[in-house]
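Data first, discussion second: the structure below is written as structure tokens.
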Amino acid sequence: MVELKNCKKCGKLFSYIGGSFICPACKDEEEALFQAIKKYLRENPGASVSQVSSELGIGIERIKKFLKDGRLEIIGDDGQPALICERCGKPIKTGRFCEDCNRNITIELLRTTEKWDVNNTNKNRDRGVGMRYLTDDFKKKEK
Ligand SMILES: [Zn+2]
Ligand SMILES: [Zn+2]
């Protein structure tokens, strides 16, 4: 069974086999761009985003998209990382969040899950036991 989707980039219909909503042609183009940037960075270590952009004729926003995907690491023009953390605004080299925020987001997710768990099991289980367990657990982490 083939599922037809519109390509997110060129709008053409293509048979979707999973992954991103991009047709094979656009995917090839994207991959070629990515390989070109990678090759350029190998030959010019420490190149900045604007350097890569003007040398290869690739828009800065497209390069940043590759950076956000976590596939590339490029420094910005003033030697600072080209991206900023979407949560705290700290300069980062790759991905969407800095290491701290990545860790915090994971912890927050865990806490949300724990809260859900407490609420859901509240009817059947003594809440105090669960809470005491959580407190002890946090104390251990702080030490
Ligand atoms: Zn396409
Ligand atoms: Zn951050």
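The values are calculated or read from the model by the stated rules, or taken from the named source; none is laboratory data. Bear in mind the structure is a predicted one, so any value in this text is a computation, not a measurement. Reconstructed Cβ throughout: ideal geometry from the backbone, glycine too, with neighbour counts over all protein chains shown.
Checking each residue in region 32-89 for being under 24 Å from residue 20 (Cβ atoms), surrounded by 15 or more Cβ atoms within 10 Å (Cβ to Cβ), in contact (Cβ under 8 Å) with a residue 24 or more places away in the chain and touching a Phe, Trp or Tyr at 6+ places or on another chain (Cβ under 7 Å) picks out 34, 37, 66, 72.
Looking at this structure, is residue 39 within 16 Å of ligand 1 (Cβ to nearest atom), out of contact with any Ser or Thr (no Cβ under 9 Å at 6 or more places or on another chain) and not in a loop (DSSP other than H, G, I, E, B)? For residue 39, the condition - within 16 Å of ligand 1 (Cβ to nearest atom), out of contact with any Ser or Thr (no Cβ under 9 Å at 6 or more places or on another chain) and not in a loop (DSSP other than H, G, I, E, B) - is not met.
Within region 103-115, residues that are farther than 16 Å from residue 87 by Cβ and touching a residue at least 40 places away in the same chain (Cβ under 8 Å) have Cβ atoms under 7 Å from residues that are assigned to a helix (DSSP H, G or I) and away from ligand 2 (no atom under 15 Å from the Cβ) in no pair, counting only partners at least 6 apart in sequence or on another chain.
The set of residues from region 93-104 being more than 9 Å from ligand 2 (Cβ to nearest atom) and on the phi < 0 side of the Ramachandran plot comprises 93, 94, 96, 103. Annotation: of all residues in region 64-104 being at pLDDT 90 or above and among the hydrophobic types (A, V, I, L, M, F, W, C), the one that is nearest to ligand 1 (Cβ to nearest atom) is 97. For residue 34, indicate whether it is within 16 Å of ligand 1 (Cβ to nearest atom), assigned to a helix (DSSP H, G or I) and of a type in the set (Phe, Trp, Tyr). So residue 34 fits the description; yes. Considering region 6-31, and only residues there that are loosely packed, with under 15 Cβ neighbours inside 10 Å and of a type in the set (Lys, Arg), the residue that is farthest from ligand 1 (Cβ to nearest atom) turns out to be 8.
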